[in-house]
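Peer 1: Sharing a structure below in structure tokens format, with a few things to ask.
Nothing in this text is a laboratory measurement; each read-out follows from the coordinates by a stated rule. Keep in mind that this is a model prediction, so the values were computed, not measured.
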Amino acid sequence: MSSEAFIRLCEVLEKKYGLQESLNIKVDESVAIFLVLCGQNDTQHDIGLRFGHAQETIGRKFHHVLGAMVKLAVDYLRPRTASEFEAISNSLQGDKRYWPYFNGSIGALDGSTHDSRVLDTAMRDDPLLPRPPGEKYYLVDSGYANRRGYLAPYRKERKEDVDFEEATMENSGVHMHQSENDSDDENDVRGNEETSTAVYMKIVRDQIATQLWSDKRLGSRRV
């Protein structure tokens, strides 16, 4: 984030969404604490040492900014209109690597297998979630399931080093717990890919792959 954008964000949060400074912490410092906590893998203890405040203060200021950010999100984050969904990105249309193969794409999502659960919950419980209309779809990474409106790549077969995995788990109980969670999330993704909507997107993916391979072979022959 540029310094100009940061200053503008602080001004908007203070003047429009009620974020206030306290006796010892200005608005810009509160926002900086919030952004560092969101953007880096640091604990409240780490942030407290960096900014010179107690953990309780760090946590309290984080939630103050979070409340203001939620109000901002209501005004600025809105579902896309039908015309916006139908619009074609200039960068996509001008890139011969992807055009016209991904002409149904309206955006890209990347993340992790944990994000697939978040998406499942949002699709089920949030009526305002912008869902792709008609033949449009988001390009997503392998952390998401391949389903109607969300086109995931082919999943490569993962070959594990058993000895390496066992040694790592013996030395780290946290890693073992994380591996179990990742395995559960992986199963969730694979389960979601067995639905009828996933089968539809698999057909779309196969058609794109076939067209790419055909054009590549034709281009090689011309050379």
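Peer 1: Could you work out how much longer the chain between LEU218 and ARG117 gets when fully extended? Use 0.36 nm per residue separation minus the Cα distance between them, nm to one decimal.
Peer 2: Values: separation 101, 0.36 × 101 = 36.36 nm, distance 4.10 nm.
That works out to 32.3 nm of additional length.
Peer 1: Pairs LYS96/LYS136; LYS15/LYS61; LYS16/LYS136; LYS96/LYS156: which are spaced more than 27 Å apart, C-alpha to C-alpha?
Peer 2: Working: LYS96/LYS136 19 Å; LYS15/LYS61 17 Å; LYS16/LYS136 36 Å; LYS96/LYS156 25 Å.
Beyond 27 Å: LYS16/LYS136.
Peer 1: May I pose another question? Length gain on complete extension for the stretch ARG205 to GLU21, per 0.36 nm per residue less the alpha carbon to alpha carbon distance?
Peer 2: 61.1 nm
Peer 1: Please turn the phi angles of the stretch 4-10 into ³J(HN,Hα) values with the Karplus equation 6.51 cos²θ - 1.76 cosθ + 1.60 (θ = phi - 60°), one per residue in order, whole Hz, x for glycine and proline.
Peer 2: Taking θ as phi minus 60°, the curve returns 5, 5, 5, 4, 5, 4, 4 Hz for the stretch 4-10.
Peer 1: Which percent of the Cα-Cα distances in the stretch 1-48 go past 14 Å? List each step's numbers first, then the result.
Peer 2: Values: 613 of 1128 pairs.
In whole percent, the share of Cα-Cα pairs in the stretch 1-48 beyond 14 Å is 54.
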